[in-house]
1. Can you give the percent of C-alpha pairs in the stretch 3-157 whose distance is more than 20 Å?
2. Remind me, relative contact order of the stretch 3-157 in percent, using alpha carbon pairs under 8 angstrom and six or more residues apart?
3. Just in the stretch 6-103: which chymotrypsin sites (Phe, Trp or Tyr not before Pro) are loop by DSSP and have at most 11 other Cβ atoms within 10 Å?
4. Taking the chain as a Gaussian network, where each spring joins two C-alpha atoms under 10 Å apart, which residue of GLU129, GLU21, GLU66 fluctuates the most?
5. List the residue ranges in the chain for DSSP H helices whose C-alpha atoms run 15 angstrom or more along the long axis and whose Kyte-Doolittle average is 0.0 or above.
6. In the chain, if the dipole is taken from +1 on Lys/Arg beta carbons and -1 on Asp/Glu beta carbons about the Cα centre, which of GLY152, VAL136, LEU109 is farthest to the positive end?
7. What is the distance in Å between the Cα centroid of the stretch 1-54 and that of the stretch 108-136?
8. Run lengths n ≥ 4 of DSSP H only: what is the helix-derived mean residue ellipticity at 222 nm for the chain, with -39500 (n - 2.57) per run over all residues, to the nearest 500?
Amino acid sequence: MPPSDVGTGLQDLAFFTAIRESHYVYPILLSTHLATLAVIGGAILVTNLRLLGRAFAGVPITVLLEQLRPWKYLGFAVMLTTGGLLAGSKASEYFVNPYFQTKLGVLILIGVHGVVFRDAVYRNPALTEAGRLTRVAGGLSLVLWVTVLSLGRWIAYFD
């Protein structure tokens, strides 16, 4: 079954039709998705700049990671929820959109990145200063997240 047919079947569910056709729900979801992006983006930027050794040098890496972690987790959960609802309501368009497909792939890579660097960087209580591994983790994270942001914006320009 082609992705567009799967998308049409999904978006035609009453729940997603109601979201898509609402004068308030869809714009509120979109606004929430974007506002949460600002919050999580800021937390990720601060984290990555510290991992790169470019900012917040007076704050121990472990302290910064621990303090920002709840914001990133909450933000990611809200973004995933709102993004899923938005995508489901226009699934026939999104499922065939190469920018959307690539965005999902990069989000998976972000998950892989988190797993790969989890013990050595993100959950390492002995980590005190930015080193080569933290710079690799921070730089790669920046590239992945800027890619997700860009792809999210480009989705609207695919015909």
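1. Of all Cα-Cα pairs in the stretch 3-157, 54 percent lie more than 20 Å apart.
2. Details: 164 pairs, mean separation 56.3, N = 155.
So the answer I get is 36 percent.
3. Details: sites: PHE15, PHE16, TYR24, PHE56, TRP71, TYR73, PHE76, TYR94, PHE95, TYR99, PHE100; in loops: TYR24, PHE56, PHE95.
When the chymotrypsin sites (Phe, Trp or Tyr not before Pro) of the stretch 6-103 are filtered for loop state and at most 11 Cβ neighbours within 10 Å, TYR24 remain.
4. In the Gaussian network model the winner is GLU21.
5. 25-51, 61-89, 98-117, 132-154
6. VAL136
7. Between the Cα centre of the stretch 1-54 and that of the stretch 108-136, the gap is 26 Å.
8. -25500 deg cm²/dmol
Laboratory data are not the source of any read-out in this text; all were calculated from the coordinates shown. Since we're looking at a predicted model, the values are computed, not measured. Every residue, glycine as well, gets a Cβ built from its backbone with ideal geometry; the counts of neighbours run over all protein chains shown.
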